[in-house]
Each structure stands twice: as structure tokens, then as C-alpha cells.
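These notes concern the structure reproduced below.
Where a number appears in this text, it was derived from the coordinates with a stated rule and is not lab data. Since this is a predicted model, take the numbers as computed values, not measurements. Reconstructed Cβ throughout: ideal geometry from the backbone, glycine too, with neighbour counts over all protein chains shown.
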Amino acid sequence: MAGPGPVEELAPKDSYLSHAEGCVVEVADGGLYLDRTVFYARGGGQPGDVGTITWDGGSCSVIDTIRKKGVPFHVVAEGSALPDPGTPVEGVIDWERRYLTMRTHTALHGLTGVVYRDFGAKVTGGNMGPGEARMDFELGSMSKEFGREVERVLNEELIKGYPTEIIVMAREIALQDPDLIRTKVNLIPEFVKEIRVVDIKGLDRQADGGTHVNSTLEVGRVEVVKTESKGKANKRLKIRLAGPAPGVD
């Protein structure tokens, strides 16, 4: 079966967009494809968006967004009624969850920036959910004291208000950037010719396709809640956001 065709993915372009109109391209078992979507498809350790898709005379709940056939696939609740192909729809994400994820993702990038700058450790893996995350580093040892020191420095850096900039560059140029090589941009599949880079100016710079806040000031306070060894030269830091975004009740 042929794929659903090109999809305009809005989340990588504007992380703050919470709703958008689109059209149903294909309906499949368990969900549907749209030609234009505000939902972020799970990838790179970031969870997929959830929310609602509505159309004239109906609606369905999106319980996950994944990537199938190379494009976002909106997974719906079991037993949901689905619109026919060609139906105009509006997608609305769970904004509170998305924004919490954005803050968490930017906190993780701040963490990797601090650990690389101060300890020279590269990232070996990571994962996140809304409000909590973990990152693995090439480190010979790990302790609670190390975690407390990283927490202190990370929070000192976040409140400086580093701006976040999204850059798209040609693959061959990205592979020459030492900051991107250390975050293993070379592991991105060969067919990807343009690399999306998240540059937290002065703190961290990584190839990344996820959603982020515009400034580290939006992250709020971060706690390192656990340190653990996952093997030789592979140590894990778990973090969580300690409260709401600054200025948010």
C-alpha cells in the first residue's frame, strides 16, 4: 500500500502552536493520517502528543502520536468513530502536557550542556516524559554528591535566561560542527539531508527534532532525583521539574 504522502508537520516549526486545521488523508486500523498536523510524533526520546481531533458532526480522542510510513500517525481510543478520507478536521493538542514536555526537554539539553562543559562527558542515551526525564553519560563514576553539584549548577544556568534558537542546516555542514558530532549527529540516517539543530545560545547545541521553550527561564527549578550506574562508563542522572513554570500559578 502506498504511503499517505507528504505531511506538513507544524510542531518542529512552532512548538507553541496548540491547534491547527488539516484534512484526513487516510484512515487505518487504530487511527488516521492528516495532511497537516500540530501533533508531535513520538521520537528522539520525546513522547507523542495527545489531544482531540474534531470535524463537522464528530470527534475522537488521540491517545498517542507515533511515526508510521515515515509520517505522523494519530492513534485514537479504541472504538472511536473516525472521519472519512477527505474530511476537514481540527486537531487540538493537550497544551498543558505539551508545555510541560517542552520545559522538560529544554531542561535535559541544559543538563547535557552543563555535564559536557564541566565534566567532558558525552551523552549515551536518554528518555523523557512530561515533567521528568533521565540522561545517560560517558562517566567513570557517579554519586549523590555529583548529582547535587550538577543540580546546583544547572539551576544557576537556567535562570540566566539562555534563548533557544532552531536552525536547519545541510547534513554535510552539520557533520563538521564539533558540538553536533559529540551528540552523534552522524547516527542520523543517511537519507536525512537537512539537520534540525536546537541551539540554547551559550549553553548547549544539539541535533534534535523535538519541542522546546523559547528561553531557559521558562523551565523553572529542576531537581536531580536519582544517580545510578548503568555499567562501566555509563552513568544515569534522573531529573524532574520541581514546580510550575515561572509566572505560572
(message) If you take every residue apart from ILE239 with its C-beta less than 12 Å away from the C-beta of ILE239, what net charge results, scoring Lys and Arg +1 and Asp and Glu -1?
(response) +4
(request) Please list, or write none, the aspartates and glutamates whose alpha carbon is within less than 17 Å of the alpha carbon of LYS230, excluding same-chain residues fewer than 8 places away. (result) ASP136, GLU138
(request) Quote the charge dipole size of the chain about the Cα centre in Debye, to the nearest 20; the model charges only the Cβ of Lys and Arg (+1) and of Asp and Glu (-1). (result) 1160 debye
(request) Answer with one residue from MET142, VAL213, ILE167: the one whose Cα lies farthest towards the positive end of the charge dipole of region 122-249, charges on Cβ with Lys, Arg +1 and Asp, Glu -1. (result) MET142
(message) Apply the Karplus curve 6.51 cos²θ - 1.76 cosθ + 1.60, θ = phi - 60°, to the phi angles in region 223-229 and return the couplings in whole Hz, x for Gly and Pro.
(response) 10, 8, 9, 7, 10, 7, 8
(request) Read phi for every residue in region 159-168 and hand back ³J(HN,Hα) as whole Hz from Karplus 6.51 cos²θ - 1.76 cosθ + 1.60, θ = phi - 60°, with x for Gly and Pro. (result) 6, 6, x, 5, x, 9, 10, 9, 10, 10
(message) Please list, by residue number, everything in region 191-205 whose backbone N is under 14 Å from a paramagnetic label point 7 Å out along Cα→Cβ of ASP179.
(response) 196-205
(message) Over the chain, with a Gaussian network built from C-alpha contacts below 10 Å, which listed residue (PHE146, PHE39, PHE137) shows the highest mean-square fluctuation?
(response) PHE146
(request) Once you have a ≥ b ≥ c as the square roots of the Cα gyration tensor eigenvalues for region 98-241, tell me rounded if a/c is under 1.5, and otherwise prolate or oblate according to whether a/b is larger than b/c. (result) oblate
(message) Name the residue from TYR99, HIS109, VAL225 whose Cα lies farthest towards the positive end of the charge dipole of region 98-241, charges +1 on Cβ of Lys and Arg and -1 on Cβ of Asp and Glu.
(response) VAL225
(request) Just report the Cα centroid separation between region 188-239 and region 44-59, whole Å. (result) 25 Å
(request) For ALA28, list long-range residues whose amide hydrogen, built 1.01 Å from N in the peptide plane, is under 5 Å from its own amide hydrogen. (result) TYR33
(request) Calculate one ³J(HN,Hα) per residue across region 193-207 by plugging θ = phi - 60° into the Karplus curve 6.51 cos²θ - 1.76 cosθ + 1.60, and present them in order as whole Hz with x for glycine and proline. (result) 9, 10, 10, 8, 10, 9, 10, 8, 3, x, 10, 7, 8, 9, 6
(message) Give me, ordered by chain and number, the residues 5 or more places off ARG36 or on other chains with an amide H under 5 Å from its own placed amide H.
(response) GLU8, CYS23
(message) List the pairs from LYS160/LYS235; LYS122/LYS226; LYS68/LYS235 whose alpha-carbon separation is above 25 Å, in the order I gave them.
(response) LYS160/LYS235; LYS68/LYS235
(request) Could you tell me how many degrees, from 0 to 90 and to the nearest 10, lie between the Cα long axis of helix 95-119 and the main elongation axis, the longest principal axis, of the Cα atoms of the chain? (result) 30 degrees
(message) Please give me the summed charge of the neighbours of ARG171: other residues whose Cβ is under 10 Å from its Cβ, Lys and Arg +1, Asp and Glu -1.
(response) -2
(message) Taking the 0 to 90 degree range and rounding to the nearest ten, how far is the long axis of helix 144-158 tilted relative to the main principal axis of the chain, both from C-alpha atoms?
(response) 70 degrees
